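The values are calculated or read from the model by the stated rules, or taken from the named source; none is laboratory data. In this text the structure is predicted, and so the values were computed from the model without any measurement. Every residue, glycine as well, gets a Cβ built from its backbone with ideal geometry; the counts of neighbours run over all protein chains shown.
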Amino acid sequence: MSASDAPRDAPRDAIACLVLGGGGHGKVVLEALLAAPGVGRLGVLDVRPGTRGQSVMGVPILGDDGFLARAGVEGYTHFVCGVGAAGDNPRRVAVFDKGVAAGLQPLAVCHPAAVVSSHAGLGAGAVVLAAAVVNPGAAIGANAIVNTAAVVEHDCVVGEHVHLAPRCCLLGGVKVGAGAVIGAGAIVRQGVGIGENAVVAAGAVVVRDVPAGGRVAGIPAKAMRPAS
Ligand SMILES: CC(C)(COP(=O)(O)OP(=O)(O)OC[C@H]1O[C@@H](n2cnc3c(N)ncnc32)[C@H](O)[C@@H]1OP(=O)(O)O)[C@@H](O)C(=O)NCCC(=O)NCCS
């Protein structure tokens, strides 16, 4: 179910959704949720001290992760991971796991200004933001981010928890392993495979497969020096 197609699946106001994280990415997720019909009630959880009782774009911050224990009692049914953390993807996985452990359903979200083919698949909790395009035959994994203006061409397979940063472009048939990050503006040539938890630097042009855990940068992309 996604926020954009929720009215076909459930009464318009039946979904009550928590956004886990009220920072920068949380705001962009909220922008998509507020723009798309289908969510009756929204709340934000934020672990930053002093944020409880404040609001983000008019949506109340209800507390930190402690609120998850009573989310169901409070009537919340769904959640979206609102943490972007391009340099720390395991954090996004941990946030997602907390939402699932609390018994909430991950809600897939499409900004109404994104174009997602009806012949593409979106995993639970995947987020497709404004001006992004997901073309036919593509499959986007659970909790993946297709960030602003990113392009996922036909027949790509994007693993769970992947972050496709703004304006990156996966050409046809690219496969991206779980947990990988494709940096802003990067281009991945058709048919290339990106291994699990790999990082492609912003602006790179990837023309060869990248191994699991690999870090590549530049044009053409080459392995980055290991951090000293
Ligand atoms: C690749 C990346 C993860 C490296 O970050 P880092 O581990 O902190 O690395 P550093 O900034 O310390 O840079 C290490 C080296 O890589 C180089 N480098 C960093 N980013 C680079 C890039 N995008 N292209 C080419 N070289 C890059 C640095 O110049 C430095 O080179 P040096 O060792 O010769 O001095 C980061 O630069 C990046 O591109 N992240 C993606 C950002 C993004 O898209 N965010 C989206 C948020 S929504």
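Between 160, 153, 196, which is surrounded by fewer than 18 Cβ atoms within 10 Å (Cβ to Cβ) and within 20 Å of the chain's Cα centre (by Cα)? Sole residue among the options that is surrounded by fewer than 18 Cβ atoms within 10 Å (Cβ to Cβ) and within 20 Å of the chain's Cα centre (by Cα): 196.
Consider the stretch 161-177 and keep the residues that are in a loop (DSSP other than H, G, I, E, B) and more than 11 Å from the ligand (Cβ to nearest atom). The one that is nearest to residue 106 (Cα to Cα) is 161. From the list 87, 125, the lone residue that is closer than 23 Å to residue 161 by Cα and in the same structural domain as residue 201 (by TED's automatic domain parsing) is 125. The single residue among 32, 102 that is modelled with pLDDT of 95 or more and under 25 Å from residue 151 (Cα atoms) turns out to be 32.
For (1) surrounded by 13 or more Cβ atoms within 10 Å (Cβ to Cβ); (2) under 19 Å from residue 102 (Cβ atoms); (3) touching a His at 6+ places or on another chain (Cβ under 8 Å); (4) of a type in the set (Gly, Ala, Ser), each residue gets a yes or a no:
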site: 30; (1), (2), (3), (4): yes, no, no, no
site: 45; (1), (2), (3), (4): yes, yes, no, no
site: 60; (1), (2), (3), (4): yes, yes, no, no
site: 66; (1), (2), (3), (4): no, yes, no, yes
site: 76; (1), (2), (3), (4): yes, yes, no, no
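From the list 86, 113, which residue is within 18 Å of residue 27 (Cα to Cα), within 16 Å of the ligand (Cβ to nearest atom) and part of a loop (DSSP other than H, G, I, E, B)? Reasoning before the result, please.
Details: 113 fails: within 16 Å of the ligand (Cβ to nearest atom).
When all the criteria are applied, what remains is 86.
Return the residue satisfying two criteria in turn: it lies in the stretch 178-228 and is assigned to a loop (DSSP other than H, G, I, E, B) and in contact with a Pro (Cβ under 6 Å, 6 or more places away or on another chain), and of such residues it is nearest to the ligand (Cβ to nearest atom). Before you say what the answer is, go through the steps one by one.
From the stretch 178-228, those assigned to a loop (DSSP other than H, G, I, E, B) are 178-180, 183-186, 189-192, 195-198, 201-204, 207-209, 211-214, 218-221, 224-228; that's our starting set.
Then drop every residue that is not in contact with a Pro (Cβ under 6 Å, 6 or more places away or on another chain), which leaves 184, 195, 207.
Values: 184: 4, 195: 15, 207: 15 Å.
So, considering only residues that are assigned to a loop (DSSP other than H, G, I, E, B) and in contact with a Pro (Cβ under 6 Å, 6 or more places away or on another chain), the one nearest to the ligand (Cβ to nearest atom) is 184.
I'd like to know if the stretch 167-182 contains one or more residues that are farther than 24 Å from residue 207 by Cβ and crowded, with 24+ Cβ neighbours inside 10 Å. So far as the stretch 167-182 goes, no, none of its residues is farther than 24 Å from residue 207 by Cβ and crowded, with 24+ Cβ neighbours inside 10 Å. Given the criteria touching a residue at least 24 places away in the same chain (Cβ under 8 Å), surrounded by 21 or more Cβ atoms within 10 Å (Cβ to Cβ) and outside the structural domain of residue 88 (by TED's automatic domain parsing), does residue 146 qualify? Taking the combined requirement at face value, the residue satisfies it. Within the stretch 78-93, the set of residues being out of contact with any strand residue (DSSP E or B) (no Cβ under 6 Å at 6 or more places or on another chain) and surrounded by 14 or more Cβ atoms within 10 Å (Cβ to Cβ) comprises 83, 84, 85, 91, 93. Among the residues making up the stretch 28-39, a single one is over 15 Å from residue 128 (Cβ atoms) and touching a strand residue (DSSP E or B) at 6+ places or on another chain (Cβ under 6 Å): 39.
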